[in-house]
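In what follows, a structure is listed as structure tokens, so that the remarks can point back to it.
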Ligand code: HEC
């Protein structure tokens with residue numbers, strides 16, 4: 001009798017620890033898994049009128065959403081560029097290549113420094129820049145900008161703003177960047 005109750009005393013804490021361990025395994029998903037990173041913004045605008053819906057369009061589930069809609073200083077790309085469509089598909093490989101350029105590799109300055117890690121236009125330099133860097137999470141601004149416009153500006157920069165030209169990038173690299181920044185508005 002004594003022996004059995006002793007065993008029970010030992011087994012119960014072991015069971016509790018097992019249960020806690022199982023819950024940690026089940027619920028503790030990595031915060032920066034690749035999927036979450038590639039789709040940081042899960043909220044889509046629902047309504048299309050009024051100030052509130054504007055705020056919603058820029059809203060995201062991960063904190064500050066930046067200004068939306070945003071004033072825009074950048075001028076229009078030439079017509080033959082405006083009609084260009086992104087020839088690449090948003091495969092994991094292309095998105096990761098775009099992400100690498102956006103965050104680390106683009107020269108002279110990675111896009112993140114101005115446009116922000118979350119693409120909301122609030123990178124570390126943003127408060128010193130007028131006009132402010134584009135907020136890629138802002139559906140109302142981004143939906144009106146065709147791929148060819150983004151391509152032209154990334155290659156040539158936007159005179160009169162801080163947006164530099166990244167003319168050394170291969171065309172495919174620019175299209176990969178565009179796939180990546182389009183993710184932010186989804
Ligand atoms: C030094 C700061 C800075 C860096 C670095 C930077 N941008 Fe910009 N970007 C800006 C500013 C400022 C604007 C202009 C906003 C405006 O037109 O009002 C802009 C505008 C844009 C636009 C909008 C074009 C349009 O027609 O509205 C795109 C697209 C863009 N940047 C992409 C990029 C990409 C991709 C990178 C990295 C390869 C990058 N930017 C790096 C500051 C920067």
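The values are calculated or read from the model by the stated rules, or taken from the named source; none is laboratory data. On a predicted model such as this, the values are computed, not experimentally measured, just so you know. All Cβ positions, even for glycine, are placed from backbone atoms using ideal geometry, and neighbour counts span all protein chains on display.
A few notes on this one:
- Scoring residue 113 on the criteria (1) within 10 Å of the ligand (Cβ to nearest atom); (2) assigned to a loop (DSSP other than H, G, I, E, B) leaves a single failure, condition (2).
- Of the residues making up the range 71-110, those that are part of a loop (DSSP other than H, G, I, E, B), within 17 Å of the chain's Cα centre (by Cα) and surrounded by 14 or more Cβ atoms within 10 Å (Cβ to Cβ) are 90, 106, 110.
- Some residue of the range 121-134 being touching a residue at least 40 places away in the same chain (Cβ under 8 Å), out of contact with any helix residue (DSSP H, G or I) (no Cβ under 7 Å at 6 or more places or on another chain) and either within 11 Å of the ligand (Cβ to nearest atom) or not in a helix (DSSP H, G or I) (or both): yes
Residue-by-condition table, conditions (1) touching a strand residue (DSSP E or B) at 6+ places or on another chain (Cβ under 9 Å); (2) surrounded by 19 or more Cβ atoms within 10 Å (Cβ to Cβ); (3) not assigned by TED's automatic domain parsing to the domain that holds residue 102:
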position	(1), (2), (3)
121	no, yes, no
134	no, yes, no
137	yes, yes, no
140	no, no, no
143	no, no, no
154	no, yes, no
162	no, no, no
